[in-house]
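Written below as structure tokens is the structure these notes are about.
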Amino acid sequence: MAAMTDTKRYGKYYRFGLYLVVVVLVNLAGITLFFRADLTRNGVYSLSAASREAVETLSEPLTIKVFFTRNLPAPHNNTERYLRDLLDEYAVHSNRYFNYRFYDVSAEEGEVDEETKRNQQAAVGYGIFPVQIQNIEQDEVKFQNAYMGMVLIHGDVVDRIPAITSTDGLEYTITSKIEKMNSKISALLNLDEPVRVKLYFSSSFADVAPQIDLPGLMDIPGRVEALVNELNETFYGTLEYVRRDPSVDSTAMAEVRRNDLITLRWPDLPDAGVRAGTGTAGLVVECGDRRRAVDLVQVYRHIFGTQYRLADVEGLGETVGEMVDDVIDINKKIGYLASHGTWPLAGGNPYQQEQQNPDALTNFNRLVSGEYSVVPVQLGEEEIPEGVDCLIIAGPREPFSDWELFQIDQFLMEGKSLAILLDRFNEIVPQRGGGMGYNQPVYLPIETGLDGLLEQYGMSVGRSYVLDERSYEQRMPEAYGGGSRQIYVAPLIGPEQINDRLPYMRNIKTLVTVKSSPVTLLRDTIRAQGLSAEVLFSSSDRSWEMADRIDLSPWAMQPPEDESVFESMPLAVMVEGAFESRFAGGEVPELEATAADSAAAAAPGGDLQPLAGDRAIIGKGRPGRIFLIGTSEIVKNNVLDDRGQSLTATFVMNVLDHLNGRDAYAAMRSKTRSFNPLGETGAGTKAFVKTFNIAGLPVIVVAFGVLVWFRRAARKRRIQTMFAAADRRA
């Protein structure tokens with residue numbers, strides 16, 4: 001009996017111990033055999049294929065140090081949570097060279113321990129400074145300083161993300177940096193010559209520096225040399241510092257002009273004992289035939305006179321690092337046609353406001369340069385450089401010669417890609433002062449000669465503008481009566497007009513185009529050549545064409561009364577495959593001789609033969625791609641934002657990625673886009689939904705109450721019937 005009592009007493013302890021062991025084993029198994037399920041539509045919380053490949057193929061240790069203040073208010077606490085999950089995902093798919101760590105830092109206010117202070121100092125040492133965020137507590141708005149950055153250390157190369165304030169595009173940013181660091185290490189270790197960092201600094205500044213209020217100007221040479229020595233630690237000792245003095249060296253002065261550095265000129269200043277002279281302070285980073293330049297003294301002119309300002313010497317290290325990245329060519333090359341009247345990428349000297357070009361594609365250039373090395377192509381003077389896999393032709397306004405068309409054709413036949421943004425009309429704005437009244441712009445047709453080439457490839461652009469009832473709505477100022485006005489020439493592309501079956505078009509819900517011409521796919525040609533073609537987006541079915549008399553003044557752009565003219569029209573297409581050359585079976589066009597060529601030929605011993613070169617024509621090329629859109633306005637600053645946050649910017653960059661075979665990066669860029677516009681509904685649907693929201697819920701509650709009342713009444717009758725029958729039996 002006693003034995004049975006002991007068995008019962010200790011049995012419960014055995015079971016408790018057994019349960020404890022099971023719980024520990026389950027947790028241990030969960031650590032190593034855990035899995036996660038990402039139920040989001042775009043796989044927002046799962047790594048993309050490009051990210052997995054980036055961390056799976058690491059050949060040197062990659063350490064990520066995260067400095068993120070804890071317990072931040074929403075939405076920044078969600079950003080931290082997302083970042084932790086994202087780095088966990090990287091770690092799961094990486095090889096042994098990947099590791100990361102979160103460092104405990106806190107805001108600068110309040111007491112902090114020694115470890116936190118060391119972490120803060122480390123963050124500042126990496127160039128990560130606290131940012132000010134807004135915090136709403138108990139109906140009060142407060143501001144808080146918080147660290148929200150991370151550092152990536154790969155080999156000797158260091159990169160950073162100074163402020164992570166949003167989850168949008170975070171995976172894309174991290175993976176792009178890892179890829180660039182990999183490419184950078186390979187490029188630095190394989191350099192045949194050092195990267196020269198040349199400082200052009202005139203000793204003549206010593207006299208005039210106090211007069212132009214630039215303290216610290218004469219310290220620049222020492223600081224730049226120290227900076228280069230410091231950078232050499234992270235650039236594998238490949239940087240070489242060179243000092244040139246243009247005030248005493250005529251060769252250096254010629255190099256200043258070639259690099260388009262600003263040269264300051266000052267008159268005699270008798271009171272200060274300064275004689276008239278010139279001076280230059282600029283930095284040039286060069287490697288081989290590639291070079292980048294930056295001025296160290298900036299000049300501002302305004303109504304109060306001319307002011308001078310030193311460049312941010314503290315941030316010069318980052319600038320030099322970016323310039324080195326550019327000249328060692330770590331990015332994929334992309335060509336931009338800089339001839340034939342295309343829009344300029346740069347807007348002139350940013351310090352001289354009057355010289356800026358309003359048509360310059362500065363935002364587009366900034367976005368593209370972040371991912372690619374942009375190579376200007378002067379098609380009339382040179383051939384398309386080797387290493388360029390995609391050529392952008394944005395808004396040409398001058399005709400192409402047969403030789404130039406031949407170069408474009410053979411470039412495509414080599415299996416490369418073209419991005420053609422073709423304008424059909426040139427807008428000429430009359431000069432003011434030509435008479436009374438408003439001078440309307442004149443729209444002249446543009447003839448470039450590209451039409452024959454495009455038709456050979458199975459596409460064409462109509463000679464008209466597409467106007468759309470579904471278009472951008474402009475808010476009018478009160479001085480003009482207020483309200484809004486439809487800008488019919490700026491179609492608003494909704495999700496139903498966007499081809500989201502293509503991976504690089506997914507999650508792009510809306511787009512805006514301006515002055516678009518319709519694009520037509522020539523199906524017979526495409527079928528005959530075995531090509532594949534996709535319409536990327538179209539106008540709505542309430543769009544029409546303006547072809548005969550172009551007048552884009554708001555009062556002239558009214559929807560037509562004839563309903564038969566409304567139709568949806570393709571505005572952008574992508575054609576892929578092995579194209580057939582327009583020049584197949586013919587002769588290589590002759591290169592037109594320039595005046596310099598003629599002079600050289602006329603010289604003794606000169607020879608005009610051969611001008612076009614002796615080369616074979618590729619009749620049918622390797623698979624290539626062509627993107628065609630009937631407007632170049634989509635890459636202008638009034639459409640593209642400078643940070644690339646808009647969906648139109650995402651579309652442009654995704655198309656370029658697809659043309660360069662980087663579809664995985666395009667999908668990764670757009671998968672966190674969260675803008676989901678409401679679908680268009682009819683008036684009847686809107687009235688029904690509105691009525692249901694107002695009266696539907698009360699009606700449902702009343703009906704449910706009536707149903708419950710009937711059920712209770714029926715139950716009551718059943719009980720009464722049951723007891724009545726029992727009474728009768730009794």
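The values are calculated or read from the model by the stated rules, or taken from the named source; none is laboratory data. Quick caveat, the model's predicted, so the values are computed rather than measured. Using ideal geometry, Cβ is built from the backbone for each residue, glycine included, and neighbour counts are taken over all protein chains shown. Each accessible area value is taken on the protein alone, full model and side chains, heavy atoms only, with ligands, DNA and RNA left out. Shrake-Rupley method; radii C 1.70, N 1.55, O 1.52, S 1.80 Å.
In this structure, Glu386 and Phe143 have a Cβ-Cβ separation that, at R0 = 51 Å, corresponds to a calculated FRET efficiency of about 0.45. How far is helix 402-413 tilted, in degrees, relative to the longest principal axis of the Cα atoms in the chain, given as a value from 0 to 90 rounded to the nearest 10? Here the helix axis deviates by roughly 30 degrees. The accessible surface of the chain, taken with every protein chain in place and a 1.4 Å probe, is 52 percent carbon and sulfur. Taking H as built 1.01 Å from N, whose amide H comes closer than 5 Å to the amide H of Leu536, not counting residues under 5 places away? Those lying under 5 Å, H to H, from Leu536 are Ala572, Val573, Met574. The HN-Hα couplings worked out from phi for the range 250-255 by the Karplus form 6.51 cos²θ - 1.76 cosθ + 1.60 (θ = phi - 60°) are 5, 5, 5, 5, 5, 5 Hz, whole numbers, x standing for Gly and Pro. Once the C-beta distance of Ala528 and Ser401 is scaled by a Förster radius of 22 Å, the resulting FRET efficiency is 0.20 to the nearest 0.05. With no solvent and one equal point scatterer per Cα, compute the Debye intensity ratio I(q)/I(0) for the range 197-320 at 0.09, 0.11, 0.15, 0.16 Å⁻¹ and report its log10, rounded to two decimals. Results for the range 197-320 at q = 0.09, 0.11, 0.15, 0.16 Å⁻¹ read -0.26, -0.39, -0.71, -0.80. Couplings 3J(HN,Hα) of the range 233-246, computed from phi: 5, 9, 10, 6, x, 8, 8, 10, 8, 10, 10, 10, 10, x Hz, in residue order, whole Hz [Karplus 6.51 cos²θ - 1.76 cosθ + 1.60, θ = phi - 60°; x for Gly and Pro].
Over all orientations, the chain has a Cα convex hull whose mean projected area works out to 61.5 square nanometres.
Which lysines have a Cα lying under 27 Å from the Cα of Lys690, excluding residues fewer than 8 positions away in the same chain? Within the straight-line limit of under 27 Å, Lys690 reaches these lysines: Lys509. Taking the DSSP bridge list for the chain and keeping only pairs wholly inside it, about 70 percent are antiparallel. Taking amide H atoms as placed 1.01 Å from N in the peptide plane, the amide H of Asn426 lies under 5 Å from those of Leu444, Ile446, each 5 or more residues away in sequence or on another chain.
3J(HN,Hα) along the range 524-537: 4, 5, 4, 5, 5, 8, x, 8, 10, 9, 9, 7, 7, 7 Hz, from the Karplus curve 6.51 cos²θ - 1.76 cosθ + 1.60 with θ = phi - 60°, whole Hz, x for Gly and Pro. So what is the orientation-averaged projected area of the range 435-512, using the convex hull of its C-alpha atoms, in nm²? The number I arrive at for the range 435-512 is 9.4 nm². Think of it as helices only: each DSSP H run of n ≥ 4 in the chain is worth -39500 (n - 2.57), and spread over all residues that comes to -10000 deg cm²/dmol at 222 nm. For Ser417, the amide hydrogen comes within under 5 Å of the amide hydrogens of Cys390, Leu391, Arg625, counting only partners 5 or more places away or on other chains and with H modelled in the peptide plane.
Rolling a 1.4 Å probe over the heavy atoms of the protein chains gives the range 511-559 an accessible area of 47 Å² per residue.
Using a cut-off of 27 Å between Cα atoms, the listed pairs Lys177/Lys515; Lys333/Lys620; Lys65/Lys117; Lys332/Lys671; Lys416/Lys636; Lys177/Lys333 include Lys177/Lys515 as exceeding that distance.
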